[in-house]
Structures are given as structure tokens and as C-alpha cells.
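J.: So that we are looking at the same thing, I have put the structure below in C-alpha cells.
The values are calculated or read from the model by the stated rules, or taken from the named source; none is laboratory data. Model, not experiment: these values are computed from the prediction. With ideal geometry, Cβ positions are generated from the backbone for all residues, glycine too; neighbour counts draw on all protein chains shown.
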Amino acid sequence: MKIRNRDERISVLLCTQGTYPYSSGGVSTWCDLLCRQLPTVDFTLYALTGQPQTTSLYVLPENVRRTIAVPMWGMQHPAEYVATHLTFATMRERERLTSLERIEHVFLPNLRILIRAILQPNPNLRKCGRALYDLWKYTQVYDWNTSWKSTLTWEAFTSEVSLVVESLPEMYPANEAPTLHDMNAMLRMLYHLLMCLNAPLPRTSIVHSTLAGFAGIAGILAKYEYGTPFVVTEHGIFVREQYMYISQEKAFTPFSKRFLINFSNLICRLIYETADVISPVCDYNKRWELRFGADPQRVERIYNSVDTDFFQPYPKPPETERFPTVVAATRVFPLKDIETMIRAAALVRDRIPNVRFIVYGSTTDEPEYYARCKALMEKLRLGRNFTFAGLCERSHRIYTTGDISLISSVSEAFPFAVIESMACGRPVVATDVGGIREILQGLGVLVPPRNPEALAEGIIELLTNEPMRTSLGEKARAEVVEKYHKEVFTGAYLDLYQRLFD
């Protein structure tokens with residue numbers, strides 16, 4: 001039985017990926033709310049990012065004691081940005097110790113286990129988890145770059161891939177056999193996607209990951225090293241969104257797509273296998289979690305919540321008062337399907353010429369996608385009808401800028417944009433994806449995803465029917481005040497933390 005000091009504070013390693021505190025969006029909103037509403041809990045942020053980043057978009061509360069940034073790309077060596085706790089002398093000593101014998105007898109056996117688990121069906125998850133842990137233990141003594149860039153590693157990787165592919169022709173047909181370019185690309189992907197194995201792993205009371213993805217590997221490692229309780233909160237289902245992204249990526253060959261999807265699948269299953277509690281933000285997510293091996297006894301749904309004192313109904317401001325106005329609070333990247341939103345806007349404009357669409361959110365996450373959206377706007381001659389307004393510091397006033405709110409995503413969980421807009425008395429037109437139906441049915445307009453015509457009709461219906469719009473807004477506000485206020489959210493997570501801590 002664990003005995004602790006009564007005054008001992010709970011400490012949480014909060015693991016994020018591409019979100020808090022370096023990017024905006026729903027997950028970042030959730031993280032910031034969690035930290036601020038639990039001032040008696042100490043948080044350490046463990047943030048996986050794409051490129052090296054140093055500037056937080058958030059003023060972090062005092063109970064966020066430390067931030068560990070783990071960029072996966074844009075480095076010559078992990079010591080530049082990830083393993084910054086190492087001195088130059090320690091780095092040189094690790095390089096000296098990383099002999100071909102150590103690589104062959106310590107590094108490669110675990111890498112081989114991982115490669116087979118990625119390529120073969122029904123891997124032994126416990127064995128895979130142990131292999132990840134042993135690779136992390138290896139990096140505490142030996143050099144990462146020397147090990148991955150060794151000729152022995154290349155030979156082991158290509159031989160394992162070739163053996164598995166040849167033994168499973170039904171999974172890997174001859175016309176999709178990996179080329180040397182494929183194998184080189186996938187070995188490099190593993191090097192980058194497993195960069196967290198270089199990061200410091202502080203001992204905390206609890207590890208809490210915001211997704212069942214690469215950031216959650218920290219929870220697996222802490223479970224092996226310290227026996228730390230591990231929680232994973234599913235916002236968007238990581239493995240589902242990886243399927244959607246990878247399958248549509250034209251730069252990947254069929255083998256590369258299968259490899260990366262399998263790897264995402266493996267990490268997801270490992271996290272579900274290891275986590276003490278899996279807390280989806282909606283019941284929709286639970287179905288996916290069970291499908292990928294989550295124990296139903298360890299799944300506890302906790303809905304997102306909103307500060308209903310902060311998000312309140314206000315009149316429209318003078319700058320939009322004269323125009324029918326649709327607002328969207330969203331980052332601009334493919335899963336939000338802004339292109340369908342733009343096409344719907346053009347259809348609405350043909351019926352309501354003075355309509356305004358305003359998108360509040362980051363446009364820098366996917367620059368190429370943003371450029372595509374801008375090009376589509378020009379092609380459809382939307383002009384002043386459609387505006388990307390960027391980030392807005394007064395988030396509670398985003399929704400009251402307009403008459404209604406809009407979500408066009410192809411994948412969501414339980415988006416804050418829905419409950420924030422409802423709290424502001426603004427009805428929502430949204431695609432019927434993820435857990436949106438769980439809160440919006442009967443309180444807004446649901447339409448199929450990737451259907452600009454249906455999206456446009458839903459928008460037109462609300463913009464041209466003021467009594468319906470007003471009634472839905474009032475009902476939506478009342479629903480959020482009753483069921484989704486911040487005290488429900490705070491109480492649920494504090495109770496969960498205390499149970500795991502005790």
C-alpha cells in the first residue's frame with residue numbers, strides 16, 4: 001500500500017503532440033483549461049512538435065512547472081533541442097561507448113522486434129512495449145545517431161523487412177514490394193517518430209497523454225521505469241486520423257502507406273494496453289477505442305466543458321451588424337475541410353449576396369493547404385464574402401461576431417467550438433462526425449461531411465429564419481449551462497487524478 005504525505009501535491013506529466021502550448025485549437029484549449037482549473041496539481045508539459053519551437057502561444061499558469069519540448073524534425077542531432085540536458089562531454093562519451101558490438105547485441109534485437117510488430121499481424125504487445133522501453137534505456141547510455149546511421153542498422157532493417165514481406169505475399173503483393181528508396185524512407189521515419197526516446201522522462205505522480213499517439217510513448221516508458229499510473233484522453237482518434245492523412249498522401253508509395261498506418265496502429269494498441277484509464281471526450285470515440293483493443297473496464301468518458309461565465313451571449317458588434325455573418329473557430333488544415341466550407345460559402349453567396357464568412361484560427365499549421373484554400377477562394381470569386389481573420393485573443397467574442405457558427409470537419413471528437421458557440425447563444429451548423437451529434441442533435445443543424453450543398457442549405461436555413469435561430473441559440477445556451485460547465489470537467493479530472501494518486 002502506498003503511503004504518502006497528506007500535503008503532497010499531485011504532479012502530472014501532460015503529453016501533447018502538435019498542440020499545447022505551441023499551437024492553438026481545441027486540444028490546446030482543453031489543456032489550458034485543465035491546468036488553470038486544477039491549481040492544486042503541478043503540471044510538466046511534454047510537448048512533441050514538428051520543427052524546433054521555443055515560443056509558447058499561451059501565458060502558462062504558475063502550476064505548469066516545466067516544459068519539455070520534443071521536436072521530431074529539423075535537427076542534425078537530438079542534443080540540439082531534445083537531449084539538451086546532456087553536456088558535451090557526456091555526448092562524446094556516449095558516442096565512444098556506441099560500438100558495433102553494442103549496436104548489434106543491444107540496439108538491433110529490440111529494433112527487430114519493433115519492425116516485425118509493425119509488419120506482421122497480431123503482434124505481441126507486451127513484447128513490443130518492452131522493446132520500446134529497452135530502446136529508451138539504451139539511449140540513456142549510447143548515442144542515438146551513431147546507432148541509427150550504422151551500416152548494421154540498415155542491413156538489419158532491410159533484411160527484416162524483406163523476410164516479412166516475402167513470408168506474407170497475401171499482405172504484400174509483388175507489385176507493391178518495397179524498393180530500397182521505400183526502406184530508406186521508412187527507416188528515417190522511425191528515427192524521427194521515435195525521437196521521444198531521447199527526451200528526459202521526469203518522475204511524476206501520473207502521466208496524462210492527450211492522444212493515443214507518439215506523445216503517449218512517454219506513458220509506456222514511465223509505466224516500465226517508475227510504475228507511474230497512465231491516463232490517455234482521446235480527442236480526435238489518433239489512429240483514425242492517421243489513416244485518413246496517410247492514405248491520401250500522394251508522396252507515399254503503397255508499401256510506405258501500409259508501414260506508417262501499421263506503425264500508428266501499433267502505437268495506439270500499445271497505449272490502450274498500457275493505460276490505466278482511457279478517457280474519451282465523447283461516446284463516439286469509445287467505439288473506436290474498443291475496436292482497437294481497449295479494455296471496456298478501463299474506459300471512462302469525460303465530456304469537454306466550457307466556462308459559461310466567460311462565454312456568454314452578446315449583441316453583434318458594429319462591424320458585422322449589417323451583414324448576415326457566419327463564423328468558424330478552427331485551424332486551417334485538411335481534417336477541418338476548409339475547402340468544403342469555401343464551396344458552401346459560394347453557394348450561400350449566390351442566395352444571400354451580402355453574407356460574410358469569417359474564419360478565426362491559425363493559418364500557419366499547413367501552409368500548402370492554406371494556399372490551396374486561398375486559390376479556391378479566388379477561383380470562386382468570393383472576395384469580401386470570405387475572410388481568414390487569423391488568431392483572435394478575445395476568444396469569447398469570436399462567436400458573437402456572427403449570427404451562427406460553422407464546422408465543416410471530416411473528423412472531430414467533441415469540439416470546443418460547438419459548446420463555446422452554444423454557450424454564446426449562437427446555433428451551430430456542423431458536419432455529423434465524431435461526437436458532435438451527442439451534444440448538437442436537436443440544438444443545431446447536422447449535415448453529412450464533404451457535402452457543400454448540404455452545408456450551404458443548413459447555413460441558409462438558419463440565416464433566413466430568425467425565430468428558429470433565436471430559439472436554437474437560447475436552448476443551446478441552457479443545455480451548456482446545465483451539462484457542460486467547467487465545474488463538471490474540473491471535478492471529473494480531479495477525482496480521476498486522486499483515485500490514481502491514492
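J.: Could you pull out the residue among Phe292, Phe311 that is under 25 Å from Ile113 (Cα atoms) and outside the structural domain of Glu457 (by TED's automatic domain parsing)?
T.: Result: Phe292 is the single residue among Phe292, Phe311 that is under 25 Å from Ile113 (Cα atoms) and outside the structural domain of Glu457 (by TED's automatic domain parsing).
J.: Return the residues of the range 140-167 that are among the small types (Gly, Ala, Ser) and either in a loop (DSSP other than H, G, I, E, B) or over 26 Å from Arg94 (Cα atoms) (or both); say none if nothing qualifies.
T.: Listed by number, the residues that qualify are Ser150, Ser159, Ser162, Ser167.
J.: A follow-up question, please. Restrict the check to the range 226-240 and report whether at least one residue is assigned to a helix (DSSP H, G or I) and more than 30 Å from Ala413 (Cβ to Cβ).
T.: No; the residues of the range 226-240 include none that is assigned to a helix (DSSP H, G or I) and more than 30 Å from Ala413 (Cβ to Cβ).
J.: Next up: Residues to consider are Ala478, Ala456; find the one that is in the same structural domain as Leu347 (by TED's automatic domain parsing), surrounded by fewer than 16 Cβ atoms within 10 Å (Cβ to Cβ) and over 23 Å from the mean Cα position of the chain (by Cα).
T.: Result: Ala478 is the single residue among Ala478, Ala456 that is in the same structural domain as Leu347 (by TED's automatic domain parsing), surrounded by fewer than 16 Cβ atoms within 10 Å (Cβ to Cβ) and over 23 Å from the mean Cα position of the chain (by Cα).
J.: Moving on to the next point. Going by the structure shown, is Leu443 within 22 Å of Ile352 (Cα to Cα) and modelled with pLDDT of 95 or more?
T.: no
J.: Look through the range 290-320, keep the residues that are among the acidic types (Asp, Glu) and at pLDDT 95 or above, and return whichever of them is nearest to the chain's Cα centre (by Cα). Steps first, answer last, please.
T.: To start, the set of residues in the range 290-320 that are among the acidic types (Asp, Glu) comprises 295, 300, 307, 309, 319.
Pick out the ones that are also at pLDDT 95 or above and you get 295, 300.
Values: Asp295: 22, Glu300: 19 Å.
So the residue we want is Glu300.
J.: Suppose the filter is in contact (Cβ under 8 Å) with a residue 24 or more places away in the chain, hydrophobic (A, V, I, L, M, F, W, C) and loosely packed, with under 15 Cβ neighbours inside 10 Å; does Met171 pass it?
T.: Yes; evaluated as a whole, the condition is true for this residue.
J.: Would you confirm, using the coordinates I've provided, whether Tyr191 is touching a helix residue (DSSP H, G or I) at 6+ places or on another chain (Cβ under 9 Å) and touching a residue at least 40 places away in the same chain (Cβ under 8 Å)?
T.: Answer is yes for this residue.
J.: Restricting attention to the range 290-338, and to residues there that are in contact with a Phe, Trp or Tyr (Cβ under 6 Å, 6 or more places away or on another chain) and among the small types (Gly, Ala, Ser), which single residue is farthest from Ile439 (Cα to Cα)?
T.: Gly293
J.: Ala476: closer than 23 Å to Phe333 by Cα and part of a helix (DSSP H, G or I), yes or no?
T.: So Ala476 does not fit the description; no.
J.: Can I ask one more? Look at Gly435 and say whether it is more than 23 Å from Pro353 (Cβ to Cβ), touching a residue at least 40 places away in the same chain (Cβ under 8 Å) and not hydrophobic (A, V, I, L, M, F, W, C).
T.: yes
J.: Continuing with this model, one more query. Evaluate the following for His235: is it in contact (Cβ under 8 Å) with a residue 60 or more places away in the chain and crowded, with 21+ Cβ neighbours inside 10 Å?
T.: So His235 passes the test.
J.: When only residues in the range 481-502 that are in a helix (DSSP H, G or I), of a type outside the set (Asp, Glu) and touching a helix residue (DSSP H, G or I) at 6+ places or on another chain (Cβ under 9 Å) count, which is surrounded by the fewest Cβ atoms within 10 Å (Cβ to Cβ)?
T.: Across the range 481-502, the extreme among qualifying residues is Lys483.
J.: Moving on to the next point. Being more than 33 Å from the chain's Cα centre (by Cα) and part of a helix (DSSP H, G or I) is the filter here; which residues of the range 345-363 pass it?
T.: Within the range 345-363, Arg349, Asp350, Arg351 meet the criteria.
J.: Continuing with the same structure: Can you pull out every residue in the range 168-211 that is in a helix (DSSP H, G or I), polar (S, T, N, Q) and farther than 27 Å from Thr98 by Cβ?
T.: Asn175
J.: Considering only residues that are in a helix (DSSP H, G or I) and basic (Lys, Arg), look in the range 259-318 and name the one that is farthest from Gly425 (Cα to Cα).
T.: Filtering first and then ranking leaves Arg269.
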